[in-house]
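Engineer: Just dropping this structure here.
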Amino acid sequence: MTDTVAARLAARGLTLPDPPKPGGMYDSVRVVGGVAYVSVQFPFVDGEVVFRGRLGHELTTEDGYRAAELCALNVLAQINHYVGFERILGLNRIEAHMLTADGWDDFPKVLDGASRLFIDVLGDEVGRHARALFGVERLPLDATIALTATLTLRP
Amino acid sequence: MTDTVAARLAARGLTLPDPPKPGGMYDSVRVVGGVAYVSVQFPFVDGEVVFRGRLGHELTTEDGYRAAELCALNVLAQINHYVGFERILGLNRIEAHMLTADGWDDFPKVLDGASRLFIDVLGDEVGRHARALFGVERLPLDATIALTATLTLRP
Amino acid sequence: MTDTVAARLAARGLTLPDPPKPGGMYDSVRVVGGVAYVSVQFPFVDGEVVFRGRLGHELTTEDGYRAAELCALNVLAQINHYVGFERILGLNRIEAHMLTADGWDDFPKVLDGASRLFIDVLGDEVGRHARALFGVERLPLDATIALTATLTLRP
């Protein structure tokens, strides 16, 4: 499964990064009761948040799409490192909090950046999911999007 | 159970609508590991968000109550369509994000619009739940409230 | 386990308070499917929110740390009252919504107030957790932080 994930990422020009390290007293992934709870992920590349500021102001919808994809890539990196893809039964729900400007309303288009990556890379049965999305005022490191994901493990 | 739900809704002058369709690459309800994760629901009626703007500014607390009730009705519509009420062991926690104006603080009264509907229609054992509520700056389609629900299925 | 928790709290100068009562039609803790869903907790002491306003404006990061700790203490009070510590297999993920001012960015330091309490008091295996954190515009009662927690029970 890791090889399949790596190959599918490579076909999109992506590689699985090292997972971002926790910035406080918490686990990046907590596995308990057959569920993997992933801590909120940001559009980090090599320890830097690469998409900052408000969608519809400093950033475009296309930037947001790529930022959401990066968050999803970091979720996959955490799962690869702490759980292993072969243990995943399915993604449950993803939740996105975005920094947005007045009048901007491309929430679903942006979050499709994450949804498409999960479905393409994990496959439809494992990667499909419910989701929720919100516009907030401030996020750590001025990241334009924060993605929370939860996955169910095989029994 | 569907008949009971329908009768209880009718007693309140409500009918189960067609469930709103997803506006992106996600499932309206994701069932995995014995849990139904419902995607965030808005106060949609016939494909239109009917409560828009800020509570305490464009909208009153009473509007918010009815908006929360509509979100809950759409959760029920999704459950009816994708899962079936007879499979539900219980509602877990509901989470509400609301557009609010400075100084307005009727969060719990508004969310009771959803809580009451769930308890009245699903019955106390199935419909009771924990909850959380937040005031945010922006929501898709300028909807005044966004409701996220998760339900546990019978083994 | 309750004695252990009480002793560990006492070592920090804390005692388990009476759990805050629900302010609407919901349960403070909903137990279903082997999971305890705790309703959102605020920095209440004796029925009063004692930390109000924005971090980085009315309140300091140190205030925020203590506010997060108080929220965590109230989560423990709810678990003690409605579930019992001996039934807890592990904390899953905690989520914090904070009122913050422009330019303030000590989110992780503040939430460590909750994370440290959970780990110190419940022990590393039970108390460790994933987490997520967001900056929002408004919270009920102008509370500076709102903490949502979910715990898995022993089979």
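The values are calculated or read from the model by the stated rules, or taken from the named source; none is laboratory data. Just so it is clear, the model here is predicted, and its values are computed rather than measured. Virtual Cβ from ideal backbone geometry, glycine too; neighbours counted across all protein chains shown. Calculation scope for accessible area: heavy atoms of the full protein, side chains included, ligands and nucleic acids excluded. Shrake-Rupley method; radii C 1.70, N 1.55, O 1.52, S 1.80 Å.
Engineer: Please average, across the residues of B:83-95, the number of beta carbons from any other chain that are within 10 Å of each residue's own beta carbon, and give a whole number. If you can, show how the numbers build up before the last one.
Structural biologist: Working: counts 0, 0, 0, 0, 0, 1, 2, 5, 5, 8, 12, 4, 7.
Partner Cβ neighbours, averaged per residue: 3.
Engineer: Same structure, new question: Evaluate peptide B:40-50: per residue, the Cβ atoms of other protein chains within 10 Å of its Cβ; return the mean as an integer.
Structural biologist: Numbers: counts 9, 1, 0, 0, 0, 0, 0, 0, 0, 0, 0.
That average works out to 1.
Engineer: Just tell me which lysines come within less than 29 Å, Cα to Cα, of A:K21; anything on the same chain fewer than 8 places away is out.
Structural biologist: Straight-line reach from A:K21, under 29 Å: A:K109, C:K109.
Engineer: While we're on this one: So with the 1.4 Å probe, I'd like the accessible area per residue for chain B, rounded to whole Å². Don't skip to the end; give the middle numbers.
Structural biologist: Details: 5810 Å² over 155 residues.
With all protein chains present, chain B gives 37 Å² per residue.
Engineer: Could you give the semi-axes, largest first, of the ellipsoid that matches the range C:1-105, computed as the square roots of 5 times the alpha carbon gyration tensor eigenvalues and rounded to whole Å?
Structural biologist: 25, 17, 13
Engineer: Then there's this: Give me the distance between the Cα centres of the range A:1-46 and the range B:75-91, rounded to whole Å.
Structural biologist: 32
Engineer: For the protein assembly as shown, evaluate the Debye formula with one uniform point scatterer on each Cα (no solvent term) and list log10 I(q)/I(0) at q = 0.10 Å⁻¹, rounded to two decimals.
Structural biologist: For the protein assembly as shown, the Cα-only Debye profile gives -0.67.
Engineer: I'd like the Karplus ³J(HN,Hα) series for the range A:77-87: coefficients 6.51, -1.76, 1.60, θ = phi - 60°, whole numbers in Hz, and an x wherever there's a Gly or Pro.
Structural biologist: Rounded to whole hertz, the list is 5, 5, 5, 4, 6, 9, 10, x, 4, 5, 8.
Engineer: Continuing with the same structure: Kindly rank B:115-124, B:80-89 from highest to lowest mean number of other beta carbons found within 10 Å of each residue. Spell out each step's value before the answer.
Structural biologist: Working: B:115-124: 19.8, B:80-89: 15.4.
Going by the mean number of other Cβ atoms within 10 Å, highest first, we get B:115-124, B:80-89.
Engineer: Also, I was wondering about something else. Between B and A, buried accessible area summed over both sides at probe 1.4 Å, in Å² to the nearest 100?
Structural biologist: 2200
Engineer: Which of the peptides C:101-110, A:27-36 is most tightly packed, and how do the rest follow, judged by the mean count of other Cβ atoms within 10 Å per residue?
Structural biologist: Most protected by this proxy first, the peptides run A:27-36, C:101-110.
Engineer: Continuing with the same structure: Can you give the direction-averaged projected area of the convex hull of the alpha-carbon atoms in the range A:39-155, in nm²?
Structural biologist: Details: hull surface 27.0 nm².
Reported value for the Cα convex hull: 6.7 nm².
Engineer: Further question on the same structure: Order these peptides, B:137-144, A:67-74, by their mean beta-carbon neighbour count within 10 angstrom, highest first.
Structural biologist: Put in order of decreasing packing, that is A:67-74, B:137-144.
Engineer: Using θ = phi - 60° and the Karplus curve 6.51 cos²θ - 1.76 cosθ + 1.60, what whole-Hz ³J(HN,Hα) does each residue of the range B:130-140 get, with Gly and Pro shown as x?
Structural biologist: Using θ = phi - 60°, the values come out as 8, 7, 8, 8, 9, x, 10, 8, 9, 9, x Hz.
Engineer: Here's something else I'd like to know. Tell me which residues come under 5 Å, amide H to amide H, from A:V35 once H is placed; ignore anything under 5 positions away on its chain.
Structural biologist: Here A:L153 satisfy the definition.
Engineer: List the residues of the range B:12-39 for which accessible area in the full set of protein chains is at least 30 Å² lower than for the chain on its own; 1.4 Å probe, protein heavy atoms only.
Structural biologist: B:M25, B:Y26, B:D27, B:R30, B:V32, B:Y37
Engineer: Given a 10 angstrom Cα cut-off, can you work out which residue in C:H57, C:H129, C:H97 is the most mobile in a GNM of chain C?
Structural biologist: Result: C:H57 has the largest fluctuation of those listed.
Engineer: Now, a different point. Mind checking A:105-112 for the average number of partner chain beta-carbons within 10 Å of each residue's beta-carbon?
Structural biologist: Taking all residues of A:105-112 together, the mean is 4.
Engineer: I need the phi-derived Karplus couplings for the range C:40-56: 6.51 cos²θ - 1.76 cosθ + 1.60, θ = phi - 60°, integer Hz, Gly and Pro marked x.
Structural biologist: 4, 10, 10, x, 7, 10, 6, x, 10, 6, 9, 10, 10, x, 8, 5, x
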